[in-house]
Structures are given as structure tokens and as C-alpha cells.
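No value in this document is a laboratory result; all are computed from the given coordinates. Quantities reported herein were computed from a predicted structural model and do not represent experimental measurements. Note: ideal-geometry Cβ built from the backbone for every residue, glycine included; neighbour counts use all protein chains shown.
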Amino acid sequence: MARRRPALLDELVEEIVLRFPADDPASLVRAALVCKSWCRLISSPRFRRRFREFHRSAPMLGFLLDLRNNDDKSYIARFVPTSSSCPTHADRRGFALDARHGRVLLYTARETDHPVLPRYDFVIWNPINDQVQELPAFNWYRHSKAPWKAAVLCADTAAGTCDHLACHNEPFLVVFVGILIDFVFVHVYSSETRTWSRVITDGTVGPPNCWVSMTGPSVLAESALHFAIDGGRRILSYDISKRSLSVSNTPWNHRMGKVDIITGEDGRLGVAGVEGYKLLLWSSCAISPDNNDNNVRIWKVGRIIELDMMLSIDIGVPMTTFHVVGFAEGANTIFICGSDGIYAVALESGHVRKAHERTHFFGIVPYVSFCIPVENGRRIFRYDVSMGVMVVLTALWKNTRMGNIGPIIDKDGGL
Amino acid sequence: MAAPESGDGNNGAARMVTLISSDNTRFEVEAAAASLSQTLQLTILDGGGGGGDGIPLPNVDSATLSKVLEYCIKHAPAAANGGAPNATAVDRAELERFDNEFVNIDQSVLYSLIMAAHNLEIEGLQSLVAKKVADMIKGKSPMEIRRTLGFPDPTPEEQAEMNAHMLEYGWAYE
């Protein structure tokens, strides 16, 4: 053996760097800059695969905040990082509806297009590699009585053949659920056939004129996509294997404002809502059909998180109220909005941290994905010798944000 | 092939094996503890290491080997239970406490320890030390990582080459 300390074997370097936290992508970049052999190792496909397998579930990298530009009334989806990474384009034109399996579904509203047969334009955006894919325009009713929701997911979800660790370049589906009076229509876009197809045209949701807001992403649980309707009073579920619809109740009561659907215990559907300073988490423990083809869910409170105990903020103002604004599927994080900003509640650790100052926005869509550096010819960020990567990442992100769209959104988020 | 002892190590005194470090120090340990090492396990199953022979380990010095064996002896009972499905929470907490203290050591020892764990194929020890080193370096800049791990500072040529490499190729995420 050599007398002086020999270099660490590549296998050991790999074992060490594998254990870096998945929600700190900048740490991987810094390690890749240690020397050329580390760089080769970390940017290899083998390392990326092992890193995903080692960490098993993707981390939350940030969330998209839906804002409105008051000048031209267009929507902007702004990526707010909760980790040490941020896409080159933090702002995207469009309204973020949903995000899953590495992709963000944006609705690029065109109010002025066709007044009679309105077009629905959707865009799929991968914030990590900045790839954008426009879906073919899709025609459906546009009417204040014709609300709708949409979701994106990996095409292999129904078959259960994908572990969703690295399926961001694989085929995907977009599920559009529209409600006209009391009929439900389901249209599905497949990236493989590049077409929209009508799956359901005569579903019913019970009492007509239910209240559906475009905001509020879907939750994937119990092999179905679930959407909160009626301000969280009911759940509309689309079974992706059986291609069938059902409607069920939530444990909503008048003391809570809005409740949101989440993944509950054992991967079953759950609901989160705030009563006073208590964050209540329900789990759906039983489900049975009623006389009207609807499902009656029995809910039980699984956990109560005392927000006033967890938050380090001054909630002494009597008017301070909280409401649930989003849920990061897979990362088990609930977003709540208070009178002074947005807070992220990590359910596993119970840790609460402030995620953003803003209190006026149209929606939150959390983004959960791996983010691992790859070396290629496309320059996403630059290594600055004198500054260090983190600084460069932040500076570049800020520059890009200002340069792209500019600070045109007022502090109330429009309207 | 089945081992001569048929894995029946509990009749009377446990079987002992002798390990010899690179500086010729002899260590006598229970075969069950030494068998945490995949490499040693093969030798031991073949009947090696018993009696006066001893198994020479030319890549591991005595200081490192005694540390490695401290780990093995502590973890052997849990490993014998096949990943310890019936271990109590107290046992697991005790092992965790031991592990945390075990890696709370000087960097140069950590370095020899991970090399030894790798050579001897002791998976648990290797991942324990790898986690410790990862925690030590994850927040550091590339230059600080180099210094922490005792790499020589890059020569001006190497630095220039690295910078050029970065500027030329750029990076993306996937």
C-alpha cells in the first residue's frame, strides 16, 4: 500500500454522494465540481439511477404560484423553490393546474380566441430540463355554468408498472373533467396517440350547478384521480383503471373554510382542513354506495396538528385565520395560508416553515421531482470560480426572472 | 456447499477466528462477528482462520481493525437474527446510539474505516461511514470538500482546466 493517503475509490465516492439529501440538488453540483473524476461519476446515468433508487421517493423542489398580470390579464405560474434548485425560467405564462411525475400542467388561457366554441390550450412543462410541450387545442363549452378541472399523470399509472422515479420522459395522460349543469364529461389526452378522446359523456354529479373552482390540483389515491368540488364539500373521483366516475362526501363543516384533499393513511384518500388553529387530517376509512349512485365515505380524524404550537409567528392578531391551499402528493406536505403568508407543514416530521410572503394568489401547485445534475451542452447555469455555485444559481434565477417577464405583477397578485 | 459446522455455532463455546492486521497484530473474535464481512465469511465457511493459522488482512492496520471489530461485535447479534425483525425498539435505539457515537471520530480514522469496510465488504459499516462523510461534506463548497477529504489543492493548471471544462460544457438537470 502507498504510504500517503490514497484517493477515495470511485465506488466509495458514489456511496457517499448517494447519501446527499435529495432536496438539495446544489449539493450534488458542488460535489461534481470537486474534481473531474467526481464530475464524471455524478453526471453518469448510473449515478442518477442509483440516486433515485436510494432515495425511493422524490423530494418537493418547490411549488407553482398562480398569479395574474394586471396589464394584459394573463396568468403567470411562478416557480417558488423550497429546495436549492430553481428552473431557468421561474415564470411561465399560463395557469398551473396540476403537477405529477415530473410534469406541470399549464392552462394557457385565450379569452379572446373563439367566442362560440372556445379552445382549451394546455401546455406540459418540465421545470427541471425546461422542456415545454403544447397539447393540441381542445374544444369544450365555455360557460360560467361549465366548470372544469384537469390533471396530468404518467401513462403507466393505471397499469401499475411504473415506479415513477424517472418517468418524466415517458408517455403521459392529461385528464380533463368538465361539468355542464349536472353532467360530467371526461376527456383524456394521450401523449402516445397525440389525441384527445372522450371517455365519459354522461356522468352525473347529483345536484346541479355545483361549485367548482379551476384551482386545487388533483390527488392520486386508491387508483383514482380525485378532485375537490363544491369548495371541498364533495369529491369527484375518476377511476383511471375502470374509467368510471363517482362522487363522494367530505367531512366538511361550516366551521372550516375550504378543505383540501390529500393522501391519507395507508395511501387512502384523506382530507385536510383548519378549524381555528387546529389542522385536522381525516382519513377515509370506509366507503359504501347510497341510493343515488353516489358514494358515502366514512371519515375519521387521524391526526390534529396544533398550528399555534408549531408556528413561530405571532398569531396574536385575533383576525388571523388559516386555510389549506395545497398538498404535495408524494412529499406529504400541506400548504396553509395565514394572514402573513404561506406555510408548508411537513406531515411526517410535523415541521412547519414559512414558504412565501404572499397571501393573494389564485392557486398553489406543489412540484415533487428528483433534480440531479447532468453534464450536457445546454447551459442552464454557469460555474463561477470566484463565487461558488449556489450564488450563481440564485443570481441566475433572479436575472432570468426579471429578464423574462419582469416585475409586472402587483403585490396583490392581480385583480 | 454447507459449512463444516452446519451453522450450528451455539453448542457450547462460540467458534473463534484469528485475524492478522497489516502490522502483524493478532485479533481473536467470534466467527459470527467476523462473518459480518462478506469476504471473511467465505474464508470462515471454508474453515479458515481457526487454530493457529489466522486470516491475514494486509490492507487493514491494527488501529482500524480494532475499530472495525468493535462495530462487528456490537452488530453481530442483530445480524444473526436476520435483519432483526424481532428486535425490540430498545435494541434498535441502542444500536442507533452506538452507531452515532461510533462514527463521532477523527476524520483520518473515518477514512481508513470506510476503506476497510469496503475491502472487507461490511455493508452496514460502509453505509454508516458513508452517511457520516456525506453529512460532513454536503453543505461545503468544492474546495472545502477537497480540503475536508485531504485532497491536495488543485494546481493552477488543474484549476484552469476544471474552470474551462465548466464554462465550455455547462450543466443541466435531469
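Couple of notes before you dig in:
- Between amide H atoms placed 1.01 Å from N, distances below 5 Å from residue A:368 occur with A:61, A:102, all of them 5 or more places distant or on a separate chain.
- In order through segment B:70-77: 3J(HN,Hα) via Karplus (6.51 cos²θ - 1.76 cosθ + 1.60), integer Hz, x for Gly, Pro: 4, 5, 4, 5, 5, 8, 4, x
- In this structure the amide hydrogen of residue B:16, modeled in the peptide plane, comes within under 5 Å of the amide hydrogens of B:31, none closer than 5 places in sequence on its chain.
- GluC sites (Glu not before Pro) restricted to segment B:82-148 and DSSP loop, no more than 16 other C-beta within 10 Å: B:121
- Residues whose placed amide H lies under 5 Å from that of residue A:70, excluding near-sequence neighbours: A:410
- Sparse-neighbourhood loop sites, trypsin sites (Lys or Arg not before Pro) in segment A:54-108 - DSSP loop, at most 14 other Cβ within 10 angstrom: A:56, A:73
- Taking Cα centre as origin and charging only the Cβ of basic (Lys, Arg, +1) and acidic (Asp, Glu, -1) residues, the dipole magnitude of segment B:16-152 rounds to 560 debye.
- With bins 10 Å wide beginning at 0, the percent of Cα pairs of segment B:31-75 falling in each bin runs 26, 60, 14.
- Across segment B:120-136, coupling constants 3J(HN,Hα) worked out from phi with the 6.51/-1.76/1.60 Karplus curve, θ = phi - 60°, read 8, 6, 9, 4, x, 5, 4, 6, 4, 6, 4, 5, 4, 5, 4, 5, 5 Hz, and Gly and Pro carry x.
- Dividing the convex hull volume of the alpha carbon atoms of segment B:16-152 by its residue count gives 110 Å³ per residue.
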